[in-house]
Amino acid sequence: MRTVNISLTIYLSCIIWLAANQEHQVKFAKNTEGYWRVFINGQETPIRGAGGVQTPGMLETFSKVGGNFTRTWGIGSLEEPVAGGKRYIDRAHELGVSVMAGLWIAHERHGFDYNSKEQIKRQREHVRNSIRKWKHHPGIAIWGLGNEMEGPQSKSGNPAMWRELEVLAKIIRSEDPNRPIMTVIAGSSQSKIQNIQRYCPSIDALGINSYGAAGGAGSSVIQAGWKKPFAITEFGIKGFWEAPKTSWGAPIEPNSSEKAKSYFATHKMVTQINTGKEQCLGTFAFLWGWKQEKTSTWFGMYLVDTKEKLPQVDGLVKAWTGIFPENRSPIIKKVEASFFGKRVQAKQRLTASVVAIDKDDDELSYDWLIVEESKAHSVGGDKEYAPPAHPELTIKNGKSCKVIAPRKSGAYRLFLTIRDGQGNAATANIPFYVN
Amino acid sequence: MKKLTTKLMLSLLMAIFTLNVSAQEFGDHSSATLTTKAWKALESGESDLALKYVDKCIELYMAQAIKMQASLSDLADRESASTYWALNDVGTCLFIKGQVLVKKEDTKAAVSTFKQLTTKLKFAQCWDQNGWFWQPAEAAKQKIVELSYEEE
């Protein structure tokens, strides 16, 4: 009887072990139409992804509208608490959202020395320990090795760093042969891609963070001779570094309705239309949440604090599914301000107006707010603090507004937020300079 | 009869005045000048003026641009890109024209203009002051998709 029990226990353990390991079979392969895809336990999964999705409640909205993949930048994010106090990775898995787990690889611009044996040893240990800790979690589909570690402004990256990346990829492979490895670079520079081909044969896919040129990334990848798959790991509207600027250098931010079209078009271009589409695993939009980077609204797809949905989400959902979400965000048709991109006098009275519509006939409210231009000169998404706002300078809110230019000379923006009262919003801003 | 003569004289004067203004506005009539002026007009919201510049540039240099396009089998490299001046400027002007038509909410004409750019002048390049060339035809392709956004 005891022998039977032991046999049964062993048998059940084997079944459980097999089932657990079955969960972990992820690979990149071509589908029947010749398109590269992520296959999770044999299930073809085109990436409809976003970065961020970290704030409590965001994973739920993301999965509800058709998102199926997120990425993190560092491994610690997997444990961050989300809705219900659950760990991010557990909740994502529960909702059927796969995760590309980011392993943060140190940047030279932050002081890391790729010739320092001690620093390199510590980083290797961190990667090895991270894989050992997480490799059994079924929510993780891909290891994301590094993010722009070559330097966003670098043309080709330091060969010492690329060599080390290969060492790290081999460590991952030795610890977890069941998941593919993707590394993420800034832009699609041919010399960077060629360096990855040359130094990092263990990398299975290329992640490209690209904004203005994201739609054409496939063509660059092919021109660089990259034969493996790639994904767009960050995209959105043109970055503030590549957008048109005012005479004092303030980048001009499109309004949220213009942004929606851009998110929609970029995902479609890179995955369905442009050269290289067959090699594209899918895209990760930046950012399912919000972030202060140059402005409070440049990259975010939701409003800070209130978590109201912006039209960028509508654009992305339309690109993913072919239909808009249930209740759309307000649509900005036109913003008019004679001082747009101009210099004004201190304490000058300024007026601006907007034409906006709501497809669901929700009643719209309008808020105008003067905010100082960010003085941060960070690169690569480094942390920035929100500049001061001046609500006391708004004297009339509504479709048209009256504000008073600040006393202090300098660059400012007049921000507009439109809300439909149903959890949806739209934004725009008008840069101006006080003499 | 006197009224008619006065009207005719006034029309004649207006025409001469318009011609003079146009001649001055077009500067040296080079493709570079017309394109620069068109960009500035677009940025300052002067849509009709922008159209005037782009149409003049297209009228004067389209034939040359098409010849340059035909001489290329791929994008010109960074070093030689600027030698294809007509191709680059007319291509850029078609992109500006498309943008103006979008602003005017003439979607059909905008799509047609963007398509003209993607089919006839796909190797046009435009210098960005940030330090790189971008391709108006690629940007036009993106705009065409953007314009389909509201379609069911």
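Applying a DSSP loop filter and a limit of 10 other Cβ atoms within 10 Å to the GluC sites (Glu not before Pro) in region B:30-82 leaves B:E79.
Projecting the Cα atoms of A:F69, A:L165, B:N88 onto the charge dipole of the protein assembly as shown (Cβ charges, centred on the Cα centre) puts B:N88 farthest toward the positive pole. Taking amide H as placed 1.01 Å from N in the peptide plane, the amide H of A:G282 sits under 5 Å from that of A:I47, A:I232, each at least 5 places away or on another chain. Would you list, by chain and number, the aspartates and glutamates whose Cα falls below 15 Å from the Cα of A:K307, excluding same-chain residues fewer than 8 positions away? Leaving aside aspartates and glutamates fewer than 8 places away in the same chain, those within reach of A:K307 are A:E60, A:D420. Put in line by how crowded their Cβ is, counting other Cβ atoms within 10 Å and starting with the fewest, A:V53, A:V304, A:V99 read A:V304, A:V99, A:V53. For region A:24-321, dividing the convex hull volume of the Cα atoms by the residue count gives 130 Å³ per residue. For region A:138-270, averaging the sequence separation of C-alpha pairs within contact (under 8 Å, six or more residues apart) and dividing by the residue count gives a relative contact order of 21 percent. Ranked for footprinting exposure by Cβ neighbours inside 10 Å, fewest first, A:Y88, B:Y149 give B:Y149, A:Y88. Straight-line cross-link partners of A:K408 among the aspartates and glutamates, defined as a Cα under 17 Å from its Cα and at least 8 positions apart when in the same chain: A:E372, A:E373, A:E392.
Dipole magnitude for the protein assembly as shown: about 500 debye, using +1 per Lys or Arg Cβ and -1 per Asp or Glu Cβ, origin at the Cα centre.
Projecting the Cα atoms of A:S262, A:G410, A:I232 onto the charge dipole of the protein assembly as shown, computed from C-beta unit charges around the Cα centre, puts A:G410 farthest toward the positive end. Taking the charge dipole of region A:156-272 about its Cα centre, with +1 at Lys and Arg Cβ atoms and -1 at Asp and Glu Cβ atoms, the residue from A:P177, A:P244, A:G218 reaching farthest to the positive side is A:G218. Of the cross-linked pairs A:K309/A:K402; A:K30/A:K227; A:K245/B:K40, those separated by over 20 Å at the C-alpha level are A:K309/A:K402. Seen from A:S130, the other residues with C-beta closer than 12 Å to its C-beta sum to a net charge of +1, counting Lys and Arg as +1 and Asp and Glu as -1.
Taken residue by residue and averaged, Cβ atoms of other chains lying within 10 Å of the Cβ of A:45-51 number 0. Of the chymotrypsin sites (Phe, Trp or Tyr not before Pro) in region A:310-400, the ones in a loop by DSSP (not H, G, I, E or B) with at most 11 other beta carbons within 10 Å are A:Y385. Note on region A:47-206: lysine pairs with Cα distance below 29 Å, sequence gap of 8 or more or different chains, count 20. When the pairs A:K228/A:K277; B:K104/B:K143; A:K259/A:K359; B:K52/B:K103; A:K333/B:K122 are compared against a 19 Å limit on Cα-Cα distance, A:K333/B:K122 fall above it. Here region A:163-193 and region A:344-416 have alpha carbon centers that stand 43 Å from each other. Other protein chain C-beta atoms within 10 Å of residue C-beta, averaged over B:120-133: 1.
The residues packed around A:Q292, meaning those with a beta-carbon under 9 Å from its beta-carbon, carry a net charge of +1 if Lys and Arg are +1 and Asp and Glu are -1.
Secondary structure note: in the protein assembly as shown, about 55% of the DSSP beta bridges are antiparallel.
Taken residue by residue and averaged, Cβ atoms of other chains lying within 10 Å of the Cβ of A:269-276 number 2. Computed from backbone phi with θ = phi - 60° and the Karplus coefficients 6.51, -1.76 and 1.60, the 3J(HN,Hα) list for region A:401-416 is 10, 10, 9, 10, 4, x, 6, 6, 5, x, 8, 9, 9, 9, 8, 10 Hz; x is used for glycine and proline.
For region A:331-434, a simple Cβ point-charge model (Lys and Arg +1, Asp and Glu -1, everything else neutral) yields a dipole of about 720 debye relative to the Cα centre.
No lab work stands behind these numbers, since they all come straight from the coordinates. It should be emphasised that the depicted structure is a prediction, and the values quoted were computed from it without experimental measurement. Neighbour counts are summed over all protein chains in view; Cβ atoms, including those assigned to glycine, are modelled from backbone coordinates with ideal geometry.
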